[in-house]
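The values are calculated or read from the model by the stated rules, or taken from the named source; none is laboratory data. Remember, it's a predicted structure, so these values are computed and weren't measured experimentally. Neighbour counts run over all protein chains shown; Cβ positions are idealised from the backbone, glycine included.
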Amino acid sequence: MTPELLQRLQAARAAKHPVALLTRLPDGAQLLFPEDAASPELAAEARAALDSDAARNVALGIEQWFIHPHNPPLRLIVIGAVHIAQALVPMAAGLGFAVTVVDPRRAFATEERMGGRVTISTEWPDEAMAALAPDSRTAVVTLTHDPKLDDPALEVALRSPAFYIGALGSRRTHAKRIARLTEAGLTEAELGKIHAPVGLDIGAVTAPEIAVSIVAQIVASRRGGPKKKADA
C-alpha cells in the first residue's frame, strides 16, 4: 500500500466513513472505494462487502480482486438506564455493538445496574448525543417515557445518519411525541424514521422479551429484513 493510500484510508476511518480497500490480484494495484473510480461491477461487489461486513474474493472477467471492508464500529446508544436497558445491553454487546447508556439520573445509570459491557453517560441526552455524533453505523433507542429525556435525544438522532431509531411507548404516546417533535421543527421525513412502538411484533411482555424484540428490529433494519412494529 502506498503512503498516500494509507493516509486516505486512515483519514476515512478517523472520520467514520465506510470504505473498502480493493486489491487486484496478482499485481497488487489498489483502489479505495468509494473515493476512487471503479467499474459498476466492482463497485457493486464493494458495496456488498461493506453491507455484509465481510471480506471477499471476486472474479470479474479476467480480473481477480480482494475486497477488504473498513466500516466504522457498530454502536448502540440507549437513552434511559431502565429495566429494558439492563436486558438490552448484554444482547447488543454480544452482537458486536459498542453500547452507551445515557441517563442523567445517577441513581439509575450505574455499572452495578448496567453491567461492565457498557459506557455510561450521565450528561443530559441532547449534550450526550451531540458528543456521540450518531453515524450510519449507529442505532439509537429511547426508553425513559420522559419527554424531557427522550425528545432531545430524538431531535439529534433524527437529524443524523443513524441507521435505526426506536422509541418506547404506545401508539397514543407516540402520537403525542410526533406532535411535540413536529412543533420542534422536525420534518415528516425525519419523523418517519422512528420505529414506534419499538420492536418487532413477537408478543413481548417482560423487559427481556421487549429487549429481544428491539435487538431483532435493529438487526432487521441493518440487514434489510422485516420492519413490522410491535404494539406496546
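Listed values, structure above:
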| read-out | value |
| --- | --- |
| For Ala49: the one exception among (1) more than 22 Å from the chain's Cα centre (by Cα); (2) closer than 24 Å to Arg222 by Cα | (1) |
| Check on Arg106, basic (Lys, Arg) and more than 21 Å from the chain's Cα centre (by Cα) | yes |
| Enumeration of residues in segment 52-81 that are more than 23 Å from the chain's Cα centre (by Cα) and on the phi > 0 side of the Ramachandran plot | Gly61 |
| Which listed residue is in contact (Cβ under 8 Å) with a residue 60 or more places away in the chain, assigned by TED's automatic domain parsing to the domain that holds Glu188 and farther than 26 Å from Arg223 by Cβ, from Thr144, Thr122, Thr110 | Thr144 |
| Residue satisfying all of: in segment 41-88; touching a residue at least 40 places away in the same chain (Cβ under 8 Å) and assigned to a loop (DSSP other than H, G, I, E, B); surrounded by the most Cβ atoms within 10 Å (Cβ to Cβ) among these | Gly80 |
| Failed item in (1) of a type outside the set (S, T, N, Q); (2) in contact with a strand residue (DSSP E or B) (Cβ under 9 Å, 6 or more places away or on another chain); (3) assigned to a helix (DSSP H, G or I); (4) surrounded by fewer than 20 Cβ atoms within 10 Å (Cβ to Cβ), with Met91 passing the rest | (2) |
| Pair list, Cβ < 7 Å and 6+ apart or interchain, from segment 1-25 residues that are of a type in the set (Lys, Arg) and assigned to a strand (DSSP E or B) to residues that are surrounded by 16 or more Cβ atoms within 10 Å (Cβ to Cβ) and modelled with pLDDT of 95 or more | Arg24/Trp65 |
| Residues within segment 100-117 that are surrounded by 24 or more Cβ atoms within 10 Å (Cβ to Cβ) and out of contact with any Gly (no Cβ under 7 Å at 6 or more places or on another chain), tallied | 2 |
| Qualifying positions in segment 15-42 - closer than 27 Å to Ala133 by Cβ and among the aliphatic types (A, V, I, L, M) | Ala15, Val19, Ala20, Leu21, Leu32 |
| Pick from segment 102-154, criterion polar (S, T, N, Q) and in a strand (DSSP E or B), ranking: nearest to Ser170 (Cα to Cα) | Thr142 |
